[in-house]
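The values are calculated or read from the model by the stated rules, or taken from the named source; none is laboratory data. All of these numbers come straight from a predicted model, not from anything done at the bench. Methodologically, a virtual Cβ is constructed for each residue, glycine included, from the backbone with ideal geometry; neighbour enumeration extends over all protein chains shown.
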Amino acid sequence: MRRTFRLMLFMLTLMSFPNLAALAGGLGSEKLLWEANQLFREYKDTEALAKYELLLSDEPEQQEALIKASIVCGRIGNRFFDDTHKSLYFQKAFGFAQKAMELDSLSAETNYAMALSLSNLCQTVAIKDRMVQLTHIKTYLDKSLAEDTNHAGAWHLMGRWAFKVANLSFAERSANKLLTQLPLPTSSNEIAINAFIKAIELDPSNLLYYYDLARVQREADLTSDCVSTLQKALDQKLVTTEDLELSRRCKVLLQEVLKVRA
């Protein structure tokens, strides 16, 4: 009797509050997103991706999950050395970014995610596609920074884009002229350096920004600046395993630069 009464009371509660079940599901989704974002910040990317995909299976239009899933897929792909696995994750990253663009093509984060996914795809696609994507990457980055001038990730990616374009090989320049008929993008190492410096100003704890800046400074024969950048990088607090690896790379690069200077 008591059990029957409790069941009736539960049913009456659901009838009185028809959105209660949806609310409970929403709270579950928020918890799942929070857990995924924690893993994202810790660079536990495989676990983070699993949670984002689980959330998206229930809420396919969850914008933040789509963007973060795209970024995570790119990070995972970059840890592989073979093009097969790289391409698999880079294509997934592009797919998530495309879905995010369909929902909101104006936000800084969405345009950044799309630019990042295309930048990663440039590692595995044919030379013609790579040259076309270089133009698209710049378009998405311009849109991202127009929406948020303080987007550190977009400034960092702009630095990478500028360095790549400034140092295109003869084969790439020829392919662009013969295969795409698109005007060749122009840039310089100085533009790349300024973009990296801006990214560091906005996010001074990100070791990747220092490392990429130092590499361009080395390429531009700015040895003293390169040493200074690497020393600042090595002063940063190491939080993740990703930081440990980047710190190791910075030490190796610093030793190489000092050895050459000596």
Scanning the stretch 84-110 residue by residue, those farther than 20 Å from Leu49 by Cα and not hydrophobic (A, V, I, L, M, F, W, C) turn out to be Glu102, Asp104, Ser105, Ser107
In the stretch 34-87, anything of a type in the set (Phe, Trp, Tyr) and within 23 Å of Asp104 (Cβ to Cβ) is listed as Trp34, Phe40, Tyr52
Residue pairs within 7 Å by beta carbon, gap of at least six or interchain, first lying in the stretch 46-63 and among the acidic types (Asp, Glu), second not in a loop (DSSP other than H, G, I, E, B), listed first then second, are Glu47/Leu39; Glu53/Ala69; Asp58/Ser29; Glu59/Ser29; Glu61/Leu103
Here the qualifying pairs (Cβ atoms under 8 Å; residues six or more apart or on different chains; first in the stretch 132-153 and without any contact (Cβ under 8 Å) to a residue 60 or more places away in the chain and under 13 Å from Met114 (Cβ atoms); second β-branched (Val, Ile, Thr) and assigned to a loop (DSSP other than H, G, I, E, B)) come out as Gln133/Val125
Of (1) free of Cβ contacts under 8 Å to residues at least 12 places away in the same chain; (2) in contact with a Leu (Cβ under 8 Å, 6 or more places away or on another chain), Thr84 fails just (2)
Answer yes if at least one residue in the stretch 182-202 is among the basic types (Lys, Arg), within 15 Å of Cys122 (Cβ to Cβ) and in a helix (DSSP H, G or I), and no otherwise. no
Scanning the stretch 97-138 for residues that are among the β-branched types (Val, Ile, Thr) and within 21 Å of Gln63 (Cα to Cα) gives Thr110, Ile137
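Might you check whether a residue that is more than 25 Å from Gln181 (Cα to Cα), surrounded by fewer than 24 Cβ atoms within 10 Å (Cβ to Cβ) and touching a Phe, Trp or Tyr at 6+ places or on another chain (Cβ under 8 Å) occurs anywhere in the stretch 86-102?
We begin by selecting, within the stretch 86-102, every residue more than 25 Å from Gln181 (Cα to Cα); these are 86-93, 95-102.
From what's left, surrounded by fewer than 24 Cβ atoms within 10 Å (Cβ to Cβ): 86-89, 91-92, 95, 98-99, 101-102.
Imposing the further condition that a residue be touching a Phe, Trp or Tyr at 6+ places or on another chain (Cβ under 8 Å) reduces the set to 86, 89.
Within the stretch 86-102 (the criterion being more than 25 Å from Gln181 (Cα to Cα), surrounded by fewer than 24 Cβ atoms within 10 Å (Cβ to Cβ) and touching a Phe, Trp or Tyr at 6+ places or on another chain (Cβ under 8 Å)), the answer is yes, since at least one residue qualifies.
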**Residue match in the stretch 89-102 (condition: under 29 Å from Ala166 (Cβ atoms), without any contact (Cβ under 8 Å) to a residue 24 or more places away in the chain, part of a helix (DSSP H, G or I) and out of contact with any Lys or Arg (no Cβ under 9 Å at 6 or more places or on another chain))** = yes
Flag for Val72 being buried (at least 19 other Cβ atoms within 10 Å of the Cβ), in contact with a Pro (Cβ under 9 Å, 6 or more places away or on another chain) and assigned to a helix (DSSP H, G or I) | no
Here, helices (runs of 4 or more DSSP H) confined to the stretch 1-64 with at least 2 residues that are in contact with a Leu (Cβ under 9 Å, 6 or more places away or on another chain) and modelled with pLDDT of 95 or more are 20-41, 45-58
Note on the stretch 123-163: residues polar (S, T, N, Q) and either part of a loop (DSSP other than H, G, I, E, B) or crowded, with 23+ Cβ neighbours inside 10 Å (or both) are Gln123, Thr124, Ser144, Thr149, Asn150
When restricted to Leu254, Leu238, Leu244, the only residue aliphatic (A, V, I, L, M), out of contact with any Lys or Arg (no Cβ under 8 Å at 6 or more places or on another chain) and crowded, with 17+ Cβ neighbours inside 10 Å is Leu254
Looking across the stretch 196-226 at residues that are within 23 Å of Arg173 (Cα to Cα) and among the aliphatic types (A, V, I, L, M), the single one that is surrounded by the fewest Cβ atoms within 10 Å (Cβ to Cβ) is Ala220
Subset of the stretch 221-242, residues of a type outside the set (Gly, Ala, Ser), assigned to a helix (DSSP H, G or I) and modelled with pLDDT of 95 or more, comes to Thr223, Asp225, Cys226, Val227, Thr229, Leu230, Gln231, Lys232, Leu234
Reported set for the stretch 121-167 where residues are β-branched (Val, Ile, Thr) and under 16 Å from Met101 (Cβ atoms) is Ile137, Thr139
On the basis of being at pLDDT 95 or above and β-branched (Val, Ile, Thr), does Thr139 make the cut?
yes
